[in-house]
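> Quick one: structure below, then a few questions.
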Amino acid sequence: MTTSHYIAGRWVEGQGSDCISVNDPALGQPFAELMAASVAQVDQAVTAARGALPAWKNTSASERANYLHGFAEQLGQRREALITLQMRNNGKPRHEAQIDLDDAIATFSYYAELAEQLPSKNRDVPLAAPGFSARTRLEPVGVVGLIVPWNFPLVTSAWKLAPALAAGCTVVLKPSEVTPLIEQAYGQIADALGLPAGVLNIVNGKAETGAALSNHNGLDKLSFTGSNSVGSQVMRSASAQCRPVTLELGGKSAIVVFDDCDVDQAVEWIVAGITWNAGQMCSATSRLLVQDGIADALLPRLQAALENLRVGNPLTEEVDMGPLTSQAQWLKVAGYFATAREEGLQCLAGGKALDRDGWFVSPTLYADVPKDSRLWTEEIFGPVLCARRFATEEQAIAEANDSRFGLVATVCSADLERAERVADALEVGHVWINSVQAVFVETSWGGTKGSGIGRELGPWGLSAYQSVKHVTRCLG
Ligand code: NAD
């Protein structure tokens with residue numbers, strides 16, 4: 001049983017009613033347990049964050065930057081333990097767990113640098129009207145609730161924590177009940193750095209704990225990453241209190257491959273876009289649009305590449321893809337395999353769970369999937385790729401945009417003018433051209449349409465935790 005809630009600078013045992021099992025998905029077995037935080041403990045965490053706010057928001061930007069540099073350094077010092085825990089609890093291959101850790105470190109370093117530049121952002125505003133002066137002040141939004149999912153626990157939390165602390169906000173973080181141990185590192189680091197008590201609080205738990213946080217009237221803002229169904233509940237509670245909310249939600253993203261592409265290179269980008277993190281990515285490019293002239297050459301190569309991936313336990317084998325992270329996700333993906341069979345979809349690879357312990361599925365490819373298939377329209381969140389052919393650029397753009405989601409897209413073409421043109425026409429928040437899904441902290445992250453509200457990363461990620469104040473003075 002783990003003591004896993006960090007409230008007002010102290011580690012405390014959960015007093016909620018839910019017992020949370022922490023599982024190794026490669027074995028399908030638990031390796032730790034913890035009690036969820038109670039509603040009263042969520043309240044204590046918000047109260048602690050509220051109490052810490054006046055002092056924290058008045059620290060100098062350089063003091064906050066020092067703490068953020070400290071987070072980056074201390075994450076690095078915990079490298080091996082954090083990589084192993086992600087492999088064990090998420091089922092991530094080692095190289096992916098390493099990249100997640102490096103991403104979290106880069107995020108803290110980046111926002112430390114932005115924090116250092118903050119004083120220069122408070123500046124005089126030139127006015128056309130005579131007789132007045134005006135200045136801008138960027139202030140922290142206040143006490144912020146942060147609710148995150150399980151697929152990139154170190155990363156999604158870093159993308160919220162680092163800019164929130166840089167801005168001068170105090171926070172209550174609620175990690176996912178599927179991966180509740182990984183983000184404890186942030187509490188341990190806060191301890192080690194002597195971060196003032198209450199600036200960062202962590203409460204673990206399931207939906208009840210999340211709802212207690214998102215409904216709490218002591219928050220000034222809520223930032224949520226997760227599914228659309230929970231996101232809409234979080235938005236409802238934000239609307240009840242007329243409170244700002246950032247939502248990073250699901251996707252059903254397209255990868256568009258034109259017939260001037262190098263086939264092997266395109267296969268590499270397609271495979272990475274659907275099998276990284278076993279396809280459990282909001283940004284998975286799970287809809288392949290392939291031009292008629294290249295489809296017959298590409299699909300067999302893609303089928304072979306998916307079938308040749310090494311799928312296994314990242315802790316004991318050299319693997320390209322691990323298991324799905326939870327049994328619930330495994331059952332959900334298996335449900336889509338059953339739907340595909342009922343719909344009579346043409347399965348070129350996979351389409352089944354692996355016959356071994358743990359929550360493994362085969363990397364899967366369905367060809368010529370009808371536009372109205374549930375597998376074409378719904379977020380599956382697993383290594384399940386659906387392909388359709390197209391003839392013209394206009395048709396590719398129309399089909400890619402024909403989704404209630406709008407998170408990301410990838411365009412593959414040797415004609416860079418066309419690739420840029422298509423990128424501009426896609427209704428999404430982030431487009432890659434001839435690339436794997438490289439995400440840089442200086443760029444923005446977030447979607448259009450049903451994929452969410454607001455942006456993380458870059459200066460936009462910091463603005464999400466800032467409030468703009470103008471002070472206007474009459475000079476007369
Ligand atoms: P989820 O919505 O089930 O859970 C997300 C978080 O919300 C968890 O911490 C959960 O405990 C909490 N929660 C559950 N019920 C709640 C409630 N009623 N009130 C408040 N909080 C509640 O999502 P998940 O299964 O953990 O994650 C997968 C989803 O996250 C996918 O849809 C994926 O696309 C999305 N996601 C989006 C991004 C992005 O940046 N857009 C990134 C990662 C994941």
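The values are calculated or read from the model by the stated rules, or taken from the named source; none is laboratory data. Being a predicted model, the structure only gives us computed values, none of them experimental. Note: ideal-geometry Cβ built from the backbone for every residue, glycine included; neighbour counts use all protein chains shown. All accessible areas refer to the heavy atoms of the entire protein, side chains included, with ligands and DNA or RNA removed. Shrake-Rupley method; radii C 1.70, N 1.55, O 1.52, S 1.80 Å.
> Search region 208-220 for residues that are free of Cβ contacts under 8 Å to residues at least 60 places away in the same chain and pair each with any residue that is within 12 Å of the ligand (Cβ to nearest atom) when their beta-carbon atoms are under 6 Å apart and the residues are at least 6 apart or on different chains.
Sorted first by the residue in region 208-220, then by its partner, the pairs are ASN215/SER237.
> In region 136-173, which residues are near the ligand (Cβ under 10 Å from one of its atoms) and part of a strand (DSSP E or B)?
We begin by selecting, within region 136-173, every residue near the ligand (Cβ under 10 Å from one of its atoms); these are 145-153, 155-156, 159, 173.
GLY145, LEU146, ILE147, LEU173 - these are the residues of region 136-173 that are near the ligand (Cβ under 10 Å from one of its atoms) and part of a strand (DSSP E or B).
> Let me ask you something else. Got at least one residue in region 309-320 being within 15 Å of ILE274 (Cα to Cα) and exposed (fewer than 15 other Cβ atoms within 10 Å of the Cβ)?
Taking every residue of region 309-320 in turn, at least one turns out to be within 15 Å of ILE274 (Cα to Cα) and exposed (fewer than 15 other Cβ atoms within 10 Å of the Cβ).
> In region 185-244, what count of residues is obtained for those that are touching an Asp or Glu at 6+ places or on another chain (Cβ under 9 Å) and among the charged types (D, E, K, R)?
Going through region 185-244 one residue at a time, the tally reaches 3.
> Could you give me the residue pairs with C-beta distances under 8 Å whose first residue belongs to region 342-357 and is over 21 Å from ALA387 (Cβ atoms), whose second residue is open to solvent by 40 Å² or more (accessible area, probe 1.4 Å) wherever it lies, and which are 6+ apart or on separate chains?
Pairs that qualify, where the first residue is over 21 Å from ALA387 (Cβ atoms) and the partner is open to solvent by 40 Å² or more (accessible area, probe 1.4 Å), are ALA353/TRP330; ASP357/LEU27.
> List pairs: first residue in region 361-386 and on the phi > 0 side of the Ramachandran plot, second residue more than 16 Å from the ligand (Cβ to nearest atom) and open to solvent by 10 Å² or more (accessible area, probe 1.4 Å) anywhere in the structure, Cβ distance under 6 angstrom, at least six positions apart or on different chains.
ASP368/GLN346
> On to the next question. Scan the helices (runs of 4 or more DSSP H) fully inside region 176-255 and keep the ones with 1 or more residues being of a type in the set (Lys, Arg) and within 14 Å of the ligand (Cβ to nearest atom). Break it down into steps so the answer makes sense when it comes.
On the way: elements: 184-193, 207-214, 228-240.
Passing ranges, in order: 228-240.
> Same structure, new question: Scanning for something within 26 Å of the chain's Cα centre (by Cα), closer than 17 Å to THR325 by Cα and open to solvent by less than 80 Å² (accessible area, probe 1.4 Å), does region 105-114 turn up at least one residue?
First pass over region 105-114, keeping only residues within 26 Å of the chain's Cα centre (by Cα): 105-114.
Remaining after also requiring closer than 17 Å to THR325 by Cα: none.
Scanning region 105-114, I find no residue that is within 26 Å of the chain's Cα centre (by Cα), closer than 17 Å to THR325 by Cα and open to solvent by less than 80 Å² (accessible area, probe 1.4 Å), so the answer is no.
> Still on this model: Pick from SER17, SER21: which is surrounded by fewer than 23 Cβ atoms within 10 Å (Cβ to Cβ) and in contact with a Pro (Cβ under 7 Å, 6 or more places away or on another chain)?
Values: SER17 fails: in contact with a Pro (Cβ under 7 Å, 6 or more places away or on another chain).
Just one listed residue meets the conditions, SER21.
> Tell me whether region 117-131 contains one or more residues that are among the small types (Gly, Ala, Ser), touching a residue at least 24 places away in the same chain (Cβ under 8 Å), on the phi > 0 side of the Ramachandran plot and more than 16 Å from the ligand (Cβ to nearest atom). Please lay out each step first, then the result.
Going residue by residue through region 117-131, those that are among the small types (Gly, Ala, Ser) are 120, 128-129, 131.
Right, trim to touching a residue at least 24 places away in the same chain (Cβ under 8 Å) and you get 131.
Now narrow it down to the ones that are on the phi > 0 side of the Ramachandran plot: 131.
Keeping just the survivors that are more than 16 Å from the ligand (Cβ to nearest atom) gives 131.
Among the residues of region 117-131, at least one is among the small types (Gly, Ala, Ser), touching a residue at least 24 places away in the same chain (Cβ under 8 Å), on the phi > 0 side of the Ramachandran plot and more than 16 Å from the ligand (Cβ to nearest atom), which makes the answer yes.
> Can I ask one more? Please specify each residue of region 68-122 satisfying the condition of being farther than 23 Å from GLY194 by Cβ and not in a helix (DSSP H, G or I).
Within region 68-122, GLY91, LYS92, PRO93, GLN117, ASN122 meet the criteria.
> Any idea how many residues of region 256-274 are open to solvent by less than 10 Å² (accessible area, probe 1.4 Å) and away from the ligand (no atom under 16 Å from the Cβ)? Walk me through how you get there before you give the answer.
Keep residues of region 256-274 that are open to solvent by less than 10 Å² (accessible area, probe 1.4 Å), which gives 256-258, 266, 270, 273-274.
From what is left, the residues that are away from the ligand (no atom under 16 Å from the Cβ) are 256-258, 266, 270.
Matching residues across region 256-274 total 5.
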